[in-house]
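This report concerns only the one structure given below.
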Amino acid sequence: MSGAAHPGRVAGKTALITGAAGGLGEAMAFMLAREGARVAVTDIDAARAQALASRINAEVPDAAFAYAHDVASEAEWEGVIAAAVADLGGLSVLVNNAGVGGPLAFVEQDTIENWQRQYEINLRSIMLGAKHAMPHLRASAPASIINISSIAGLAAAPGMGAYNATKAAVWMYTKTLALEAAKAEWNVRCNSVHPVFIKTPILDPFIAMAGGDEDKAHERLARGIPLKRIGEPDDVAYCVLYLASDESKFVTGSEFKIDGGMTAQ
Ligand SMILES: NC(=O)c1ccc[n+]([C@@H]2O[C@H](COP(=O)([O-])OP(=O)(O)OC[C@H]3O[C@@H](n4cnc5c(N)ncnc54)[C@H](O)[C@@H]3O)[C@@H](O)[C@H]2O)c1
């Protein structure tokens, strides 16, 4: 064994992660940077994205750049990708992570505004990102697109119509992209990740429903999970790390469930 430092599982990769100012995106950005990638951290909340990039750079110098980015806007996708490609020196990984839930609502109380918002942020953004990143991903191949769906894209729950529908569409559209890229021999792989409940701010409504008692909310959410707990952001980030790296070079069009055994039942 030589004494050389481990080069990192994604050394030399250049990755753009959307919705990365906190939650799962933050964990992914830190993990990819620690494993050798340069990362573009984008979020609609520009100040938090910038703060995260500063924290990453304090640990891994010059690894992170931050951008203000509403994934519902095609013009912003074009501007952010151009800037990130220039700053990072290319683009070999796109993580479509930005996503939102909505109010729990059965069909008669549901609204078109709720559906429109989730459609634009959870689903249409995936197409816009893939469309505008693809020329750069091809140029930086081997490359990888990682779409963050949800276990809710594979299994339904009452009151979550727009979330179930948009996340299921992300799952299927990922396969379309994977097959297009394979047929065209672009050497760009595309896979989806399906987390169950993970400790991030997206679970705040469940904490509110438990009267602000976080432990009680987490315990309630864990009831249907065979491993009897909810997940940590790093549980998802490790999967993203694998899919971003060339370790997964024969993996495309697949779905990765990070669900503590929930859908095995
Ligand atoms: N945490 C979970 O339990 C869980 C489970 C399954 C799937 N997911 C999915 O994982 C992804 C990340 O979720 P999270 O748990 O980190 O949530 P989060 O709410 O902590 O983070 C989401 C981020 O997206 C950003 N964002 C919101 N609208 C945006 C827009 N229009 N453009 C750009 N950024 C925007 C927010 O500012 C925030 O930083 C989402 O797609 C979510 O659906 C999360």
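Can you pull the percent of Cα pairs in segment 116-169 with separation above 13 Å?
Result: 62 percent of Cα pairs exceed 13 Å.
I'd like the projected area of segment 169-255, averaged over all directions, using the convex hull of its alpha carbons. Report it in nm² with one decimal.
Mean orientational projected area (segment 169-255, Cα hull): 6.8 nm².
Report in % the part of the accessible area of the chain that belongs to carbon and sulfur, leaving out ligands and nucleic acids; probe 1.4 Å.
57
On C-alpha positions alone, give me the angle between the axis of helix 74-88 and the longest principal axis of the chain, in degrees, nearest 10.
Between the helix axis and the principal axis of the chain, the angle is about 40 degrees.
Which whole-number percentage describes the relative contact order of the chain, with Cα contacts under 8 Å and a sequence gap of 6 or more?
Relative contact order here is 18 percent.
Taking loop as defined by DSSP and a crowding limit of 13 other beta carbons within 10 Å, which chymotrypsin sites (Phe, Trp or Tyr not before Pro) in segment 168-257 fit?
Filter output for segment 168-257: F250.
Based on a Kirkwood Rh over C-alpha pairs, give the Stokes-Einstein translational diffusion coefficient of segment 188-234 at 37 °C and viscosity 0.692 mPa s in µm²/s.
280
Considering all alpha-carbon pairs of the chain, what whole percent are spaced by more than 26 angstrom?
39
Above 13 Å lies some portion of the pair distances; for segment 140-198, what is it as a whole percent of all C-alpha pairs?
Percentage above 13 Å: 60.
How long, wide and thick is segment 29-138, going by the Cα atoms along their three principal axes, in whole angstroms, largest first?
Principal-axis extents of segment 29-138 (Cα, largest first): 52, 29, 21 Å.
Taking just the C-alpha trace of segment 65-192, give me its Rg and Dmax in Å.
15.5, 50
K249 label point, 7 Å along Cα→Cβ, cut-off 18 Å on backbone N: hits in segment 118-145?
Inside the label zone: 138-145.
Per q in 0.26 1/Å, what log10 I(q)/I(0) does a Debye calculation on the alpha-carbon atoms of segment 1-86 return?
Results for segment 1-86 at q = 0.26 Å⁻¹ read -1.26.
The values are calculated or read from the model by the stated rules, or taken from the named source; none is laboratory data. Bear in mind the structure is a predicted one, so any value in this text is a computation, not a measurement. Note: ideal-geometry Cβ built from the backbone for every residue, glycine included; neighbour counts use all protein chains shown. Keep in mind that these areas ignore ligands, DNA and RNA; they rest on the heavy atoms of the full protein, side chains included. Shrake-Rupley method; radii C 1.70, N 1.55, O 1.52, S 1.80 Å.
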